[in-house]
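Peer 1: Here it is, the structure in full.
The values are calculated or read from the model by the stated rules, or taken from the named source; none is laboratory data. From a predicted model like this one, the values you see are computed outputs, not experimental measurements. Here the Cβ positions follow ideal geometry from the backbone for every residue, glycine too, while neighbour counts run over all protein chains shown.
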Amino acid sequence: MNPVNRRRAMQALAGAVLVPALARMASAKAYPDQPVKVINPFPPGGSSDVIVRAVTAKMSEFLGGSLYVQNLPGAGGTIGSDRAAKSPPDGYTLLLSNNASQAIAPSLYARLPYDPIKDFDHIGLIGTLPNVLLVGPAVKATNFQEFLAEARQRSATPNPMAYGSGGNGSSLHLCGEYFRHLTGINTLHIPFKGNAPALVALLGGETAFQFDNITTAIPQIRANKVRALGVTSARRSSALPDVPTMAELGYKDFVLGSWNGLSAPAGTPADIVDAVAKALTRALADPAVAAQLTQYGMQLPDFPPPGYRAFVESEIKRWGSLVRMTGAKLD
């Protein structure tokens, strides 16, 4: 090998060694040294937005850098999730992951542009939000057993009870179908373009009942505009302590709700993932943050951040079976 070629070969070898070393140095230096974007794949003002802003504000204090929220809604959370999946895995883009885009979407959409497991490093669960079985003025029942009797009576008629949801394939639609499946009661599903118009229909007597997110439902319950008959969590909600769980009412497998966590693009350096996970744990342990989240009906996780990946995997299987049961499918 002549001197010129030898020098070029040595330069190439040095580059091959130097690039990974520089990447390790970059992840090892102080993180974060610039603002960290957290994509919320849902519109501003909703429960997920309130939750992620409360948590990231406190995390910023512990990380020593700024975390800011970017709302990127659309297609059941899949647009924002796809953007996060395709972002550089450098720790400066995180995702508010959730059951809609991570657990329901894989079975609901014929073509999902990302893999909810392979394309993400799942950092940690923020918490879970139970849904609430609500009845409106069109129903006379004041408790679950009376409601069940009334629904059974109408089940065999041409006018079964109607329930609303935020749309075909939504988590609240799947809750309604699961209720129908478990009870054997014939009901009529009316899909709306979002949970808000579905709730308006319930208040107006257009529908008889619905499952709703606890955060949205609480103001209407406290104003005595709707009646809460059951919550879909494993234990009673501290926000609605007098409302029994569906398990208490005889349906032990009816534990369905929404959840939120933090995830990063796959390949994010392990030390950065660990730093974010530790900041999340400290934020959730902060009394003010914990009080704010529980006020909204959120139940904080009972397992540490490393368990979040297995949790997501189990939720994909669980929600997938419900999607297949209902036959819901979107392009």
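Peer 1: Which residues, counting only those in region 246-265, are of a type outside the set (A, V, I, L, M, F, W, C) and touching a residue at least 60 places away in the same chain (Cβ under 8 Å)?
Peer 2: Y251, D253, G257, S258, N260, G261, S263, P265
Residue-wise test of (1) at pLDDT 95 or above; (2) part of a helix (DSSP H, G or I).
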{"site": "A196", "(1), (2)": "no, yes"}
{"site": "L202", "(1), (2)": "yes, yes"}
{"site": "E206", "(1), (2)": "yes, no"}
{"site": "F211", "(1), (2)": "yes, no"}
{"site": "T215", "(1), (2)": "no, yes"}
{"site": "I218", "(1), (2)": "no, yes"}
{"site": "K225", "(1), (2)": "yes, no"}
{"site": "A228", "(1), (2)": "yes, no"}
{"site": "A234", "(1), (2)": "no, no"}
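Peer 1: If you check F179 against the conditions, is it assigned by TED's automatic domain parsing to the domain that holds Q295 and of a type in the set (A, V, I, L, M, F, W, C)?
Peer 2: So F179 does not fit the description; no.
Peer 1: So which of V52, V17, V36, V69 ends up being of a type in the set (A, V, I, L, M) and at pLDDT below 90?
Peer 2: Selected residue: V17, the only one of V52, V17, V36, V69 that is of a type in the set (A, V, I, L, M) and at pLDDT below 90.
Peer 1: Collect the residues in region 280-331 that are in contact with a Lys or Arg (Cβ under 8 Å, 6 or more places away or on another chain), part of a loop (DSSP other than H, G, I, E, B) and closer than 26 Å to C175 by Cα, keeping them in residue-number order.
Peer 2: Once the filter is applied, which keeps residues that are in contact with a Lys or Arg (Cβ under 8 Å, 6 or more places away or on another chain), part of a loop (DSSP other than H, G, I, E, B) and closer than 26 Å to C175 by Cα, region 280-331 yields only D331.
Peer 1: If Y251 satisfies all but one of (1) assigned by TED's automatic domain parsing to the domain that holds V50; (2) in contact with a Leu (Cβ under 7 Å, 6 or more places away or on another chain), what's the number of the condition it fails?
Peer 2: Every listed condition holds for Y251 apart from (1).
Peer 1: Which condition breaks for T93 when tested against (1) more than 21 Å from G77 (Cβ to Cβ); (2) out of contact with any Leu (no Cβ under 9 Å at 6 or more places or on another chain)?
Peer 2: (1)
Peer 1: Can you say whether G169 is surrounded by fewer than 22 Cβ atoms within 10 Å (Cβ to Cβ), in contact (Cβ under 8 Å) with a residue 40 or more places away in the chain, assigned by TED's automatic domain parsing to the domain that holds F147 and on the phi > 0 side of the Ramachandran plot, as far as the supplied structure shows?
Peer 2: Considered against the rule, which asks whether it is surrounded by fewer than 22 Cβ atoms within 10 Å (Cβ to Cβ), in contact (Cβ under 8 Å) with a residue 40 or more places away in the chain, assigned by TED's automatic domain parsing to the domain that holds F147 and on the phi > 0 side of the Ramachandran plot, G169 comes out as no.
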